[in-house]
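Contents: one structure, followed by commentary.
Readers should treat all values here as calculations from the given coordinates under stated rules, not as data from a laboratory. Every value quoted in this text rests on a predicted model; they were computed, and no experiment measured them. We place every Cβ from the backbone using ideal geometry, glycine too, and count neighbours over all the protein chains shown.
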Amino acid sequence: MLSITRSFRFEAAHRLCLPHLTTEENQTIFGPCARIHGHSYRLEVTLAGVPDIHGWIMNFSELKEIVHRHVLSEYDHACLNELPDYRAQLPTAENMAKTIFFRLKPHLEGSHFHLLRICLYETENAWATWEANHAPCP
């Protein structure tokens, strides 16, 4: 099995806070992340499969268009807390990686390839990964 990965960048703001807690309680749990702040995210999308007759799993241009249409057009320069994806869950790197995986999965399944992994880098030193072998999303 062969895999390909395409990297993307986007800017977004978020705040980690639970609405049923006080400001002080949120700051105790989430520290500085309880305040609105931004990140320069790096998103890696990995497909796995068998190359087609042209020798590729998917044209990188096509992959770029799909990711832009289904993720980046909504996430880039957004306040993530305001997006429908994060009204019922915090926009942590972990939740974002899982959510992006399931946003892209229906668009990145073909006869000879599938979406293998999403890696979302919140900083160069901190990231979350969601892989296809995880349990199905609730």
>> Any residue in the stretch 110-125 that is within 15 Å of Phe60 (Cα to Cα) sitting within a Cβ distance under 8 Å of a residue that is aliphatic (A, V, I, L, M) and part of a strand (DSSP E or B)? List the pairs, counting only those 6 or more apart or interchain.
In response: Phe113/Leu47; Phe113/Ala48; His114/Leu47; His114/Ala48; Leu115/Val45; Leu115/Leu47
> Given Ala97, Ala128, which one is buried (at least 19 other Cβ atoms within 10 Å of the Cβ), free of Cβ contacts under 8 Å to residues at least 60 places away in the same chain, among the aliphatic types (A, V, I, L, M) and not in a loop (DSSP other than H, G, I, E, B)?
Replying inline: Ala97
>> With the requirement that a residue be within 21 Å of Asn125 (Cβ to Cβ) and in contact (Cβ under 8 Å) with a residue 40 or more places away in the chain, what does the stretch 16-39 give you?
In response: Leu16, His39
> When the residues of the stretch 3-44 are filtered to those that are surrounded by 12 or more Cβ atoms within 10 Å (Cβ to Cβ) and in a loop (DSSP other than H, G, I, E, B), which remaining residue is farthest from the chain's Cα centre (by Cα)?
Replying inline: Leu21
> If Asp76 satisfies every condition in (1) farther than 17 Å from Arg9 by Cα; (2) touching a strand residue (DSSP E or B) at 6+ places or on another chain (Cβ under 6 Å); (3) not basic (Lys, Arg) but one, which is the exception?
Replying inline: (1)
>> Being in a strand (DSSP E or B) and among the charged types (D, E, K, R) is the filter here; which residues of the stretch 100-123 pass it?
In response: Glu109, Arg117, Glu122
> So how many residues does the stretch 68-83 have that are in contact with a helix residue (DSSP H, G or I) (Cβ under 7 Å, 6 or more places away or on another chain) and either acidic (Asp, Glu) or in a helix (DSSP H, G or I) (or both)?
Replying inline: 3
